[in-house]
Structure formats: C-alpha cells, structure tokens
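Each remark here refers to the structure printed beneath this line.
Please treat every number below as a calculation from the coordinates, not as lab data. Note that the structure is predicted; figures quoted are calculated from it, not measured. All Cβ positions, glycine included, derive from the backbone under ideal geometry; neighbour counts span all protein chains shown.
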C-alpha cells in the first residue's frame with residue numbers, strides 16, 4: 001500500500017533540502033549496500049522490474065522499503081520523474097520512518 005499522508009511528503013522535501021536523501025537507482029543501491037539507508041522509497045509508478053530490484057536488495061540488507069503514491073516522490077523532492085530514494089540514518093530518517101509506518 002502506498003503512503004498517502006501529506007505530512008510525509010512535506011518532511012521528504014525537508015530531507016531533500018537537508019541533503020539527507022540519495023536519489024537515483026545506482027546511488028540508492030549503494031546506500032543500501034553500505035548500510036547508510038534508514039529507509040528506501042520506491043514510486044508506485046515504477047516498473048515491476050525496478051520494484052523487484054529494490055525489494056530484493058532491501059530484503060538482503062534488512063533495510064525497510066516503502067512504496068510512495070505514483071508521481072509523489074519526484075514531486076515532493078523537486079525532481080519530477082524520480083522513482084527511488086534512500087533516506088540517510090539520523091533524526092530525519094527516524095521521523096520519516098515514523099510517518100511512513102503511519103501511512
């Protein structure tokens with residue numbers, strides 16, 4: 001189920017400005033592999049192959065994976081068309097994790 005809360009997307013924009021986000025497939029996979037990702041986000045509009053790739057990587061490394069509403073991820077960080085992001089560990093990561101779990 002995709003995250004729908006506006007508070008989550010507002011906080012995601014703040015995380016982008018605070019440089020607590022990693023964007024792009026290769027960079028996000030690198031953050032997962034290095035253990036720097038507090039949580040990983042994949043846009044619901046991403047292809048099934050992309051979503052599977054992140055599901056597998058997160059399952060292997062134990063990183064929490066959440067799906068965002070279609071096209072909301074890129075819009076909330078000011079970069080339309082982005083399909084994945086990793087949130088760095090720290091206070092913003094913890095707050096986003098809490099908001100993501102609330103839906």
*Enumerate the residues in the stretch 71-103 having an amide nitrogen under 18 Å from the point lying 7 Å beyond the Cα of residue 2 toward its Cβ.*
71-86, 100-103
*With label points built 7 Å along Cα→Cβ from the Cα atoms of residue 89 and residue 10, find their separation and express it in nm.*
2.9
*At residue 102 and residue 48, where each label point lies 7 Å from the Cα along Cα→Cβ, what is the point-to-point distance in nanometres?*
3.5
*Report, for the chain, the % of DSSP beta bridges that are antiparallel, rounded to 5.*
60
*Nitroxide proxy distance, nm - points 7 Å out along Cα→Cβ at residue 34 and residue 55*: 2.8
_Students often get this wrong, so try it: which of [x] 42, 40, 27; [y] 29, 27, 24; [z] 56, 34, 22 is Cα extents along the principal axes in Å as calculated from the structure shown?_
[y]
